[in-house]
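Structure first, commentary second.
All of the numbers you see were taken from the coordinates with simple rules; none came from a lab. All figures in this text were calculated on a predicted structure; none of them were measured in a lab. So basically every Cβ, Gly included, is an ideal-geometry build from the backbone, and we count neighbours across all protein chains shown.
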Amino acid sequence: MNKPKKINRRSFLALTGGAVVGITALGTLGRQQPAVEFNESSCGSASEIGDKILVAYASRCGSTGEVAEAIGQVLCESGVSADIRLVENVSDLSPYRAVIVGSAIRSNEWLPEAVEFVKMHREPLSRVPVAYFLTSLMVVQDTEETHRAAAACLDSMWKFMLYAASL
Ligand SMILES: Cc1cc2nc3c(=O)[nH]c(=O)nc-3n(C[C@H](O)[C@H](O)[C@H](O)COP(=O)(O)O)c2cc1C
């Protein structure tokens with residue numbers, strides 16, 4: 001019968017070191033997030049300044065951008081011009097006659113950049129019609145309770161806007 005091969009200390013350290021490096025590299029690869037694409041587009045053919053509608057949104061994983069895009073499409077199909085933008089890429093609201101603000105919900109809160117957007121632009125926002133939407137898992141179960149939670153979330157943004165406009 002073959003005797004088990006003895007392994008010296010140097011080979012043992014080299015083998016275990018290699019295994020640790022390999023496992024760490026696999027762990028790092030496993031944790032890498034796939035690149036997220038955030039939709040930004042424009043549609044329609046507004047000829048006058050101040051004749052467009054802005055759909056501004058905050059997102060982490062992209063689905064809120066898809067909802068924003070769908071809203072923009074409906075607007076443009078009904079003859080309105082629309083810009084769909086990430087909130088952080090909007091600096092001037094003067095081209096818009098109305099604004100729609102959307103955000104993903106995390107830990108029961110709007111994303112901070114959506115709140116920041118409303119704060120920063122509270123003055124121009126107070127002069128045009130503003131609508132809000134959110135994306136969340138709140139209404140995955142279609143119950144009265146989940147609808148109430150989603151309505152409360154929208155209500156918090158609405159109250160915040162009223163507060164900000166009164167400052
Ligand atoms: C870390 C994390 C926290 C979340 N917290 C909530 C939450 O508190 N309430 C909720 O209804 N949905 C929550 N969600 C679900 C997201 O709001 C939902 O998936 C949303 O569509 C994500 O939008 P996005 O793809 O644009 O980032 C959470 C998701 C993640 C990943």
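Of note:
- Where PRO95 falls short, out of the listed (1) more than 23 Å from LEU137 (Cβ to Cβ); (2) crowded, with 20+ Cβ neighbours inside 10 Å: (2)
- Taking first residues from the range 65-82 that are touching a residue at least 12 places away in the same chain (Cβ under 8 Å) and partners that are among the aromatic types (Phe, Trp, Tyr) and part of a loop (DSSP other than H, G, I, E, B), the Cβ contacts under 7 Å between residues at least 6 apart in sequence or on separate chains come to GLY65/PHE38.
- Residue list for the range 114-142, restricted to those being surrounded by 18 or more Cβ atoms within 10 Å (Cβ to Cβ), under 18 Å from LEU54 (Cα atoms) and not β-branched (Val, Ile, Thr): ALA114, PHE117, HIS121, LEU125, TYR132, LEU134
- Here ARG85 clears all of (1) on the phi > 0 side of the Ramachandran plot; (2) buried (at least 19 other Cβ atoms within 10 Å of the Cβ) except the condition numbered (1).
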